[in-house]
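For reference, the structure is listed below as structure tokens.
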Amino acid sequence: MTILATEALTKRYPRVTALDRLTVEVGAGVTGLVGANGAGKSTLIKILLGLVPASEGSARVLGLDPATQGQEIRRSVGYMPEHDCLPPDQSATEFIVHMARMSGLPRIAARERAADTLRHVGLQEERYRPIGGYSTGMKQRVKLAQALVHDPKVIFLDEPTNGLDPQGRDEMLRLVHRIGTEFGISVLVCSHLLGELERICDHVIVIDAGQLLRSSAIGELTQASQVISVEVEEGLEKLAARLTETGETVVVEGRSLTVQVRADETYDLLRDAVVDLDLNLVRLEQRHARIEDVFR
Ligand SMILES: Nc1ncnc2c1ncn2[C@@H]1O[C@H](COP(=O)(O)OP(=O)(O)OP(=O)(O)O)[C@@H](O)[C@H]1O
């Protein structure tokens, strides 16, 4: 199922082209949108929500056109913006109830829905205190709650782990993953950290300077980044030469040899080479390189 698609989508600001003929398609599940600061992630999200007009090209979100149907899109899509946008003098409960009312829920239903949503994002007693006194992690949870309170089909999360310490980051990533799996809501999550998204996404889209670098299922990225590290008692150079002859990509690193996993047969070729050359194997280890390495 296609959640959203863009076709040659372009956004020009007076001094910079934020999106440059971007064509992508996003399916159901959790999709990561990765790019350095300024790559165009926030601009893409704002165009998809109908908040900012594109200069050229087209887009569809849940079959709707952001250029003319922004309001319908925002009814079905939750949005967690990157920057702080919360009223400091209101409690999380007051704010989320207000947002639920704004989405059209009657008073009692809005209260119930707000309480459920705040519980899901992990805000407990503190939800009755003014937001101004919250930690960054708590504020991020409130922003997430307001994106979820109107029961969207899809949510767009712009850098949800920004400003969080490692533990807060882990908790937020787990929460995003739960939203995508247990709640069945499709997620488009932005980050400038590719390694973060590896843990929670089914699919990753990488953009740079507004252009598409890559769009792949997570399995393809991690397969491409698998290596085997081998140590033998003697004859490392002989082993390297033999594997190179058979078409493998190998690098000698000190006392061990790193072999790129090209396909399943790489394992067989390695085993056969060790046996043929009569080498004593000391260590054979499969390493799973992080997906950042794929783009180095
Ligand atoms: N309203 C605007 N007016 C002019 N230039 C803008 C505007 N909004 C964004 N830009 C520029 O467009 C480019 C892309 O910005 P965008 O915010 O989409 O990037 P990003 O990938 O979300 O990065 P970040 O995570 O830092 O926000 C940047 O060069 C930015 O300076």
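Some notes on this structure:
- For region 238-254, the tally of residues that are surrounded by 20 or more Cβ atoms within 10 Å (Cβ to Cβ) and farther than 18 Å from Gln286 by Cβ stands at 1.
- Checked against (1) assigned to a loop (DSSP other than H, G, I, E, B); (2) buried (at least 18 other Cβ atoms within 10 Å of the Cβ), Leu257 passes all but condition (1).
- Total residues in region 173-195, condition hydrophobic (A, V, I, L, M, F, W, C) and either at pLDDT below 90 or within 16 Å of the ligand (Cβ to nearest atom) (or both): 6
- Val187 vs. criteria crowded, with 21+ Cβ neighbours inside 10 Å and over 9 Å from the mean Cα position of the chain (by Cα): no
- Region 116-172: number of residues that are surrounded by fewer than 18 Cβ atoms within 10 Å (Cβ to Cβ), closer than 22 Å to Leu33 by Cβ and at pLDDT 95 or above: 1
- Test: residue in region 138-152 that is within 16 Å of the ligand (Cβ to nearest atom) and assigned by TED's automatic domain parsing to the domain that holds Leu188: yes
To keep it simple, each residue is scored yes or no on (1) among the charged types (D, E, K, R); (2) in contact (Cβ under 8 Å) with a residue 40 or more places away in the chain.
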site	(1), (2)
Glu72	yes, no
Val97	no, no
Ala100	no, yes
Leu157	no, yes
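- Out of Lys11, Lys41, Lys46, one residue alone is closer than 22 Å to Ile200 by Cα, among the charged types (D, E, K, R) and in the same structural domain as Gly184 (by TED's automatic domain parsing). It is Lys41.
- Where Ile3 falls short, out of the listed (1) within 27 Å of His203 (Cα to Cα); (2) within 16 Å of the ligand (Cβ to nearest atom): (2)
- Each residue in region 196-209 was checked for being within 16 Å of the ligand (Cβ to nearest atom), within 12 Å of the chain's Cα centre (by Cα) and either surrounded by fewer than 15 Cβ atoms within 10 Å (Cβ to Cβ) or among the charged types (D, E, K, R) (or both), and 1 of them qualify.
The values are calculated or read from the model by the stated rules, or taken from the named source; none is laboratory data. Because the structure is a prediction, the values reported are computed rather than measured. Methodologically, a virtual Cβ is constructed for each residue, glycine included, from the backbone with ideal geometry; neighbour enumeration extends over all protein chains shown.
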